[in-house]
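Let me begin by presenting the structure, written as structure tokens, before commenting on it.
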Amino acid sequence: MSMELLSALQQDLQQVDKLTLRRRRRIADTPSAPRVTVDGRDMLAFCSNDYLGLAAHPAIIEALREGAARYGAGSGASHLISGHSRAHALLEERFADFLSPHLESPRALYFCTGYMANLAVLSALAGRDADIFSESLNHASLIDGARLSRGNVQVYPHGDTQALEALLKESAAKTKIVVTDSVFSMDGDLAPLPVLLALCERYGAWLMVDDAHGFGVLGENGRGALEHFVLRSPYLIYMGTLGKAAGVGGAFVAAHETVIEWLVQRARPYIYTTAAPPALAHALLTSMDIIAGPEGVARRAHLNALITQLRNTLALQRWKLMPSDTAIQPIVIGRNDETMRAAAALYEQGYWVPGIRPPTVPPETARLRITLSAAHTGQDVAQMASALNVLEAFA
């Protein structure tokens, strides 16, 4: 019987290979940075979400070391047992204060991962009698969180606020939640958050914003999509991840204090898991100092200059550079096999640019996903853009 089970899996894997969909892991021997050693090769990487280049920042590394010396290697228990340290408490206070211009009576909750945060919010706030209105290009964690809630999930087309309003008008649910990414991770474009928030306020719905790719990057002070669009409302529930622009790990949810207290009482992914190591929270306090300070301003300005440089330098004829003003710059090629050949050709030249295929993106929209970091230089971007222009011409 066991051989039959293995044989079935092997056949499924063969089908994955036939569709050019098998994924593989590469092993990095160096810290996250533009210049990395991966699988024994020196590469120029354009695949990390370390948007501000903080993952290997000396001050944050030192803070992590200090946090481990002060609090130990692990938390020892869940937050509601004995694992909630002073570092966790200080970090949550920092997030609430940081986002106070955009949230009323704010409070924040720290999670081990962004995936867990999204599962927690949707499963705790929604139930069988709730309507969840989910953007069609939402991250998998939001999709899974909506499923876990057992609420009535309705998907509206990407960016289609008229379709969303029609769904909200028809809803008689006591609890209504509109949930969306802010920056769409595979396209790099922004959700129309001002219109979404206006609709939520009109029809009495929560607006949950997953700002994984905007927190620390968007806005003059790095407060993310809420600052970028100058939003403020008690209807907002905000999730930011901390393993991208913040350079460490984990995530947080910020909202009205009543919402956060409800999550503490009812969010199973928060209640029933060991708290993240306090040393991470301690290091993130330094990350927040950098994000909110002059260095953060300078890094965001440099990143935006690199985005403009890349878009002005690429001269693609057949492949399509997606419209994006963010650090995510996708180039849609279409077919899985051509996309992976292009990624392999770049890799052979020393450029690490991932090929993204279905089901992460829709069929026939496989793409190269370029991500820029403030740690890149203008020369890095110029070299990679030149390589892409030549590659497309001869592909």
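Bear in mind these aren't lab numbers, they're just calculated from the coordinates by the rules spelled out. This one's a predicted model, so the numbers in the text were calculated from it and none came from an experiment. Glycine also receives a Cβ, built like all others from the backbone with ideal geometry; neighbour counts cover every protein chain displayed.
For the stretch 1-56, applying the loop criterion from DSSP together with a ceiling of 15 other beta carbons within 10 Å to the trypsin sites (Lys or Arg not before Pro) yields ARG22, ARG23, ARG24, ARG25, ARG26.
Classify the stretch 1-85 as rounded, prolate or oblate from the Cα gyration tensor: take a ≥ b ≥ c as the square roots of its eigenvalues, call it rounded if a/c is under 1.5, otherwise prolate when a/b beats b/c and oblate if not. Cα axes put the stretch 1-85 in the oblate bin.
Rounded, prolate or oblate: which fits the stretch 204-247 when a ≥ b ≥ c are the square roots of the eigenvalues of the alpha-carbon gyration tensor, with rounded for a/c under 1.5 and prolate only if a/b beats b/c? Please report the intermediate quantities before stating the final value.
Details: a/c = 3.33, a/b = 1.56, b/c = 2.14.
Verdict is oblate for the stretch 204-247.
Given a Förster radius of 22 Å and the C-beta distance between THR313 and ALA28 as r, what FRET efficiency does 1/(1 + (r/R0)^6) yield to the nearest 0.05? Could you put the intermediate results ahead of the total?
On the way: r = 27 Å, r/R0 = 1.22.
So the FRET efficiency works out to roughly 0.25.
For the stretch 113-209, the list of trypsin sites (Lys or Arg not before Pro) that fall in a loop by DSSP and count at most 15 other C-beta atoms within 10 angstrom reads ARG128, ARG150, LYS174. For GluC sites (Glu not before Pro), the sites in the stretch 87-153 that DSSP calls loop and that have at most 15 other Cβ atoms within 10 Å are GLU104.
For SER85, SER2, what's the fewest-to-most ordering of other Cβ within 10 Å of each Cβ? Walk me through the numbers on the way to the answer.
Numbers: SER85 23, SER2 6.
Final ranking by Cβ density, sparse to dense: SER2, SER85.
Take the Cα coordinates of the chain, assign each an equal point scatterer, and use the Debye formula without solvent to give log10 I(q)/I(0) at q = 0.08, 0.12 Å⁻¹. Evaluating at q = 0.08, 0.12 Å⁻¹ gives log10 I(q)/I(0) of -0.44, -1.01.
Legend: ranking of residues THR274, THR241, THR326, THR258 from fewest to most surrounding C-beta atoms inside 10 Å; resulting order THR258, THR274, THR326, THR241.
A Stokes-Einstein calculation at 25 °C with viscosity 0.890 mPa s, built on the Kirkwood radius of the stretch 60-207 over Cα pairs, returns a diffusion coefficient of 142 µm²/s.
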